[in-house]
1. Please find, among Val225, Val262, Val270, the residue that is open to solvent by less than 40 Å² (accessible area, probe 1.4 Å), hydrophobic (A, V, I, L, M, F, W, C), more than 15 Å from Leu174 (Cβ to Cβ) and assigned to a helix (DSSP H, G or I).
2. When the residues of segment 35-61 are narrowed to those that are in contact (Cβ under 8 Å) with a residue 12 or more places away in the chain and open to solvent by 30 Å² or more (accessible area, probe 1.4 Å), which ends up farthest from the chain's Cα centre (by Cα)?
3. Please enumerate the residues belonging to segment 239-259 that are more than 17 Å from the chain's Cα centre (by Cα), surrounded by 15 or more Cβ atoms within 10 Å (Cβ to Cβ) and among the hydrophobic types (A, V, I, L, M, F, W, C).
4. Checking Arg66 against (1) out of contact with any helix residue (DSSP H, G or I) (no Cβ under 9 Å at 6 or more places or on another chain); (2) assigned to a helix (DSSP H, G or I); (3) over 20 Å from Thr410 (Cβ atoms); (4) in contact (Cβ under 8 Å) with a residue 60 or more places away in the chain, only one condition comes out false. Which one?
5. Tell me, which helices (runs of 4 or more DSSP H) lie completely within segment 131-182 with 2 or more residues that are more than 21 Å from the chain's Cα centre (by Cα)?
6. Looking at (1) under 29 Å from Glu115 (Cβ atoms); (2) open to solvent by 20 Å² or more (accessible area, probe 1.4 Å); (3) not polar (S, T, N, Q), can you tell me which one Gly210 breaks?
7. Check Ala208, Ala212 and return the single one that is under 26 Å from Asn62 (Cβ atoms), in a loop (DSSP other than H, G, I, E, B), small (Gly, Ala, Ser) and in contact with a Ser or Thr (Cβ under 8 Å, 6 or more places away or on another chain).
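The values are calculated or read from the model by the stated rules, or taken from the named source; none is laboratory data. All values reported here derive from a predicted model rather than from experimental measurement. Cβ placement follows ideal geometry from the backbone for every residue including glycine, while neighbour counts extend to all protein chains displayed. Side chains are part of the model used for accessible areas, which takes the heavy atoms of the whole protein and leaves out ligands, DNA and RNA. Shrake-Rupley method; radii C 1.70, N 1.55, O 1.52, S 1.80 Å.
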Amino acid sequence: MENKNLREDIKTIIEKVKQEILPDNAVKMWLEKNISKFQDLKGNLYIVAIGKAAWRMAKTANDVLRKRINDKVIHGVVVTKYNHSEGDIENFEIYEAGHPVPDENTIIATERVLELTSNLKEDDTVLFLISGGGSSLFEVPMGGITLEEIQQLNEQLLKTGANIVEINTVRKHLSKVKGGRFAQHVYPAKMISLVLSDVLGDRLDSIASGPAYPDGTTSQQALEVLKKYNITVSDKILDALAQETPKELSNVETFIIGSVKVACVSAEKVASELGYNTLVLTTTLDCEAKEAGRFLASIAKEIKNNNRPIGKPAAIILGGETVVKVKGSGKGGRNQELALSFALGIEGLENVVLCSFGTDGTDGPTDAAGGIVDGQTAQKIRKVGLSPENFLENNDSYNALKIAGDLLLTGPTGTNVNDLIVMLVG
């Protein structure tokens, strides 16, 4: 198969997976299957949606529940990333805020959620819709800690290469809503949480920093993360970290309705239908983006030369979330960095294409979702007199792939279930 055909196929796979993992169907199916939980409500129903997929989840939930339980009063709040709202939703307040670092609008939106859900009664119910990005979008710091301090600490953790579990361990102990504290806030009302997982292994106390799930991390572990990455903090932050999060919650039911595993199964199905031998290599990819790119380049060469671990035409599929250690001053994200590293590893190789895709449609602080690269990507950059190695070293994968015409631009997808990597070898 030629590069052109492989590129067309990989775009087909990504597009079909994108449709498959939209939260609308997952929310609708769960609610219709469990509608009895809402038909017998005696009190009010409140819907709170946080994360990059919050708008779609809330819209679907509102549409389904208003048709099925229209005698109930529904109050709703959506807190999502900038440019991720798709319009008004009846009886909902919609807020957009900062991601991956919280901002003033984060605090305003979260304080409004806390106000709406204050002094609830035992007969009331909160339907809590959680998706990736919730850690940044749903936040009110513990007393005495400023937003600026939270922002600085988040940026430090991101730049050191700390993984999402480590970052959330610290976040939870500095927040009024994370680590089970939001569920504690709405008590004695009942809470039903529907979760789109963006955390490897679907660890519920880490997804969006677990605002409605008993916290499995401790104050000591949060301190150890800071020590591991040599991060110095103020006495106010140390005092907040010493206050333990709730380890038991009696008012919450939690259900995972989507994850990167679903995306990988979908990609495998589409690739097989297109005639590829398929292999889901992992759904828990967790390493440096550069190293993942180099490793996948070595697998591409092995398939090309020896038809191992599967024969050509081959589709290798991975899900997970890599990390970037920021050393340079460039622009990019983990998917773009993985793709550029892979492109260097297969430079000049024919009939190999890789796509690394952030399923939310954004990758780092850029407008790209990732990259689609092949053996000519690095050569296109060299032809204009520039070094792809220098771009990679400077963490400037966005501009490198832009020169090559190999950025993946999808716009916000309305969901977020980690990253999907698809490699095709013809």
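1. Val270
2. Here the residue is Lys42.
3. Ala240, Leu241, Leu249, Val252
4. With respect to (1) out of contact with any helix residue (DSSP H, G or I) (no Cβ under 9 Å at 6 or more places or on another chain); (2) assigned to a helix (DSSP H, G or I); (3) over 20 Å from Thr410 (Cβ atoms); (4) in contact (Cβ under 8 Å) with a residue 60 or more places away in the chain, Arg66 is out only on (4).
5. 147-160
6. It is condition (2) that Gly210 fails.
7. On inspection, the qualifying residue turns out to be Ala212.
Here's the yes/no breakdown for (1) within 13 Å of Met423 (Cβ to Cβ); (2) among the aromatic types (Phe, Trp, Tyr); (3) open to solvent by 50 Å² or more (accessible area, probe 1.4 Å); (4) assigned to a strand (DSSP E or B):
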| site | (1), (2), (3), (4) |
| --- | --- |
| Ala343 | yes, no, no, no |
| Glu347 | no, no, yes, no |
| Val353 | yes, no, no, yes |
| Thr366 | no, no, no, no |
| Val373 | yes, no, no, yes |
| Lys380 | no, no, yes, no |
| Phe391 | no, yes, no, no |
| Asn399 | no, no, yes, no |
